[in-house]
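The values are calculated or read from the model by the stated rules, or taken from the named source; none is laboratory data. Since we're looking at a predicted model, the values are computed, not measured. Reconstructed Cβ throughout: ideal geometry from the backbone, glycine too, with neighbour counts over all protein chains shown.
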Amino acid sequence: MPLLNPLTLLLLPLLTPLVSSSVPADYTNLPSVRPGVFNAQTRIHLTTTVPAVWSALTNFPLYPTWNPFVRSAVVAIPLNSTVPPQYPVEGYHLFLRTQIPALPLPVDETTPDNPLHTQFASENITHVQEELGRLAWAYMAGVVNLALQAERWQAVSDLGNGTVLYESREEFYGPAAVALKALMGKALQESFDAQGLGLKLLLEGGQ
Ligand SMILES: *[C@@H]1O[C@H](CO)[C@@H](O)[C@H](O)[C@H]1NC(C)=O
Ligand SMILES: *[C@@H]1O[C@H](CO)[C@@H](O)[C@H](O)[C@H]1NC(C)=O
Ligand SMILES: *[C@@H]1O[C@H](CO)[C@@H](O)[C@H](O)[C@H]1NC(C)=O
């Protein structure tokens with residue numbers, strides 16, 4: 001199943017904003033969001049291309065082969081039992097099985113979960129902005145989870161010197177976020193950093 005059609009692949013280099021060569025050290029391609037109770041975030045430079053990072057982030061079936069944080073990501077259509085192609089579509093839902101803190105690197109599809117660190121989350125895919133290199137999903141509050149909201153953004157930018165900036169930030173809101181921060185804030189932060197390092201290992205290999 002091609003995840004990027006040939007036309008998209010052809011246009012992607014044109015659509016990808018090229019940040020000028022004098023990029024300030026604090027440059028970010030993440031949108032600013034309303035501050036929450038806390039956030040977990042990471043940023044890492046990768047020696048690769050924007051399409052390679054975008055493809056890794058949107059190829060959910062391959063997550064188990066490299067991602068030490070999100071071990072499984074399954075896309076579903078709301079109120080529809082048809083199994084859609086497994087890439088992000090705005091308004092579709094995403095069911096995640098995660099490890100918090102992340103598994104030690106490297107991982108592959110055979111790496112077992114640590115059952116004590118396994119968490120499940122249902123997300124709503126809110127933004128798939130390939131032309132901006134941005135992807136976002138929001139935690140869907142369940143009946144028991146009304147007290148927690150969260151929104152995770154990921155962004156990919158070409159720094160123009162053979163380096164790609166990968167950024168990810170999840171902002172947590174609501175009364176339950178206070179308890180979540182105390183219980184899992186540090187482990188969540190480790191998981192975000194680990195996903196960045198997992199991407200580096202995937203895309204730069206043994207370099
Ligand atoms: C590329 O540019 C970024 C932003 O200016 C800089 O932080 C980074 O060190 C540069 N990387 C290389 C390999 O030159
Ligand atoms: C379910 O999704 C499929 C694929 O997108 C679509 O063709 C079908 O019409 C949908 N069914 C309903 C009941 O919405
Ligand atoms: C999911 O996100 C879409 C797009 O932002 C929005 O229209 C929809 O209402 C959201 N659905 C849920 C269940 O939050």
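Pick out, from region 121-207, the strands (runs of 3 or more DSSP E) lying fully within it that include 3 or more residues that are of a type in the set (A, V, I, L, M) and at pLDDT 95 or above.
Numbers: elements: 134-139, 149-158, 164-173.
Correct list: 134-139, 149-158.
Pairing each residue of region 123-140 that is within 22 Å of Tyr173 (Cβ to Cβ) and surrounded by fewer than 19 Cβ atoms within 10 Å (Cβ to Cβ) with any residue that is at pLDDT below 95 and not small (Gly, Ala, Ser), provided the two are 6+ apart or on different chains, yields C-beta distances under 7 Å for Asn124/Met140.
Restricting to region 88-120, and then to whatever is assigned to a loop (DSSP other than H, G, I, E, B) and within 16 Å of ligand 3 (Cβ to nearest atom), can you tell me which residue is nearest to Thr58 (Cα to Cα)?
Going through region 88-120, the residues assigned to a loop (DSSP other than H, G, I, E, B) turn out to be 88-92, 100-114.
From the residues that got through so far, the ones that are within 16 Å of ligand 3 (Cβ to nearest atom) too are 88-92.
Details: Pro88: 6, Val89: 10, Glu90: 12, Gly91: 15, Tyr92: 13 Å.
Out of the qualifying residues, it is Pro88.
Please tell me if Pro112 is surrounded by fewer than 21 Cβ atoms within 10 Å (Cβ to Cβ) and either among the aliphatic types (A, V, I, L, M) or under 26 Å from Phe38 (Cα atoms) (or both). So Pro112 fails the test.
What about Pro31, is it touching a helix residue (DSSP H, G or I) at 6+ places or on another chain (Cβ under 8 Å), of a type outside the set (Asp, Glu), more than 16 Å from ligand 1 (Cβ to nearest atom) and at pLDDT 95 or above? No, not satisfied.
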